[in-house]
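The values are calculated or read from the model by the stated rules, or taken from the named source; none is laboratory data. Predicted model, so just to flag it, every value in this text is computed and none were measured. Reconstructed Cβ throughout: ideal geometry from the backbone, glycine too, with neighbour counts over all protein chains shown.
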Amino acid sequence: MLLKLTILPGDGIGPEVTEQAVFVLQAIADAFGHRLQLQQKNIGGAALAAVEDPLPADTIQACLSSSAVLLGAVGSPAFDHYPNHLRPEAGLLRLRRELGAYANLRPAICFPALEDCSPLRADLVRGTDIMIVRELLGGLYFGEPRSISGSAGSRVATNTMTYGEQAIARIARIAFDLAAKRRNKVLSVDKANVLECSRLWREVVIRCAKDYPGVQLSHMYVDSAAMSLVQRPKDFDVVLTENMFGDILSDQAGGVVGSLGLLASASIGGPVGLYEPVHGSAPDIAGKGIANPLGAILSAALLLRHSFQLEREAACIENAVSSVLNQGARTTDLARAGQTPVSASAMGRNVVEAVKKSVGK
Ligand code: NAD
């Protein structure tokens, strides 16, 4: 199969981790007989520095003409004083919209070798395997009107939460489809005791569930879900929720299973999927070669699964990551006292070797 990808390394550790993810993709392509066709483009601070636009037209064009996009991270202190629309992060928000990526999937999996990286007791996190399905293009982050008005001392800030039935139904279907391939459980998280948006959300989700008789649907208020997530994380399968609740809960789920550097994400639903690690550009460690590339590498696995339906290849990457962790390889963020950390490139090489070994090459 031809794997036509746009690579957007971005800022900070973005280029360091995407480089390793591309090595792993190349190893997978070689092992399984696919052809990788890559084009690399600028986004975020790198694009601002080059052409004063965090999402240049040729980047959008390249992404839209690819089958999938792999992104590193955006954000740089050099642009923190820029107006909102000219900050690196604005480029990423625009890209998600341009790609019509309304469904953000964030798996939070506890790798057996990393049980001790969780702030929770090992017996609580062992076996945790959660898929958060977050609506990405609606809710408070996009709703209009939005403003800060009035004069100093009596200013008023307004944001608007809006959800339509179609936007709810399409994300619900993504969650039910995923659950049907996993443990057949969807937990829909809302705040239906207080918010009209949540009441409509719950009504539409219940209606959609009728098309998935094999999937068990339950509901929880977001405050209660946040508590349960740390009390009994392994009970969760697919969590379906709106934009802001999903933003918060998915970071919390990431915290439950360990380092930010491990977490991958997929933003799908439009014609071209966008895959990126959950972490940012980590300016504090950029350029040192010590970033954990596993979030980017696991994002490449999601890319193969969701944009190309290459399940065997995706699982091969995930098993390779699990196996290098079992063998004791740890980047600085994962290393415990007495463990010597490996560099980003050594971790990437280990995964490539594990991929080759698993397919007998
Ligand atoms: P961050 O995720 O960049 O870093 C938080 C902490 O985690 C830092 O101490 C960092 O060193 C560490 N860390 C992150 N990724 C790591 C990895 N792969 N390996 C090892 N350690 C890792 O978040 P931040 O510091 O809040 O933000 C830095 C910049 O990144 C800001 O400009 C922010 O806007 C941007 N950001 C971008 C994205 C994105 O591109 N999707 C997401 C979050 C933040």
*Give me a count of the residues in region 285-330 that are surrounded by 22 or more Cβ atoms within 10 Å (Cβ to Cβ), outside any helix (DSSP H, G or I) and within 11 Å of the ligand (Cβ to nearest atom).*
3
_Being within 14 Å of the ligand (Cβ to nearest atom), assigned by TED's automatic domain parsing to the domain that holds S307 and at pLDDT 95 or above: is that true of I13 here?_
yes
*Hey, any hits in region 70-82 for a residue that's more than 15 Å from the ligand (Cβ to nearest atom) and farther than 23 Å from N184 by Cβ?*
no
*Select from region 249-289 the residues that are in the same structural domain as P88 (by TED's automatic domain parsing) and of a type in the set (D, E, K, R) and write down the one among them that is farthest from A354 (Cα to Cα).*
D284
*Cβ-Cβ below 6 Å, separation at least six or inter-chain, first residue in region 290-310 and assigned by TED's automatic domain parsing to the domain that holds A73, second part of a loop (DSSP other than H, G, I, E, B) and away from the ligand (no atom under 14 Å from the Cβ): which pairs?*
L304/L310; S307/S67
*Restricting attention to region 255-279, which residues are in a helix (DSSP H, G or I), surrounded by fewer than 23 Cβ atoms within 10 Å (Cβ to Cβ) and within 10 Å of the ligand (Cβ to nearest atom)?*
L260
*Just checking, which of A266, A314 is hydrophobic (A, V, I, L, M, F, W, C) and over 27 Å from A169 (Cα atoms)?*
A314
*Any idea how many residues of region 118-129 are out of contact with any Cys (no Cβ under 9 Å at 6 or more places or on another chain), surrounded by 15 or more Cβ atoms within 10 Å (Cβ to Cβ) and not in a loop (DSSP other than H, G, I, E, B)?*
1
*What number goes with the only condition from (1) modelled with pLDDT of 95 or more; (2) closer than 19 Å to A27 by Cα that P341 does not pass?*
(2)
*Which one of these does L240 not meet: (1) more than 15 Å from the ligand (Cβ to nearest atom); (2) assigned to a helix (DSSP H, G or I)?*
(2)
_Out of the residues in region 63-98 meeting the condition of being over 16 Å from A46 (Cα atoms) and among the hydrophobic types (A, V, I, L, M, F, W, C), tell me which one is nearest to the chain's Cα centre (by Cα)._
V69
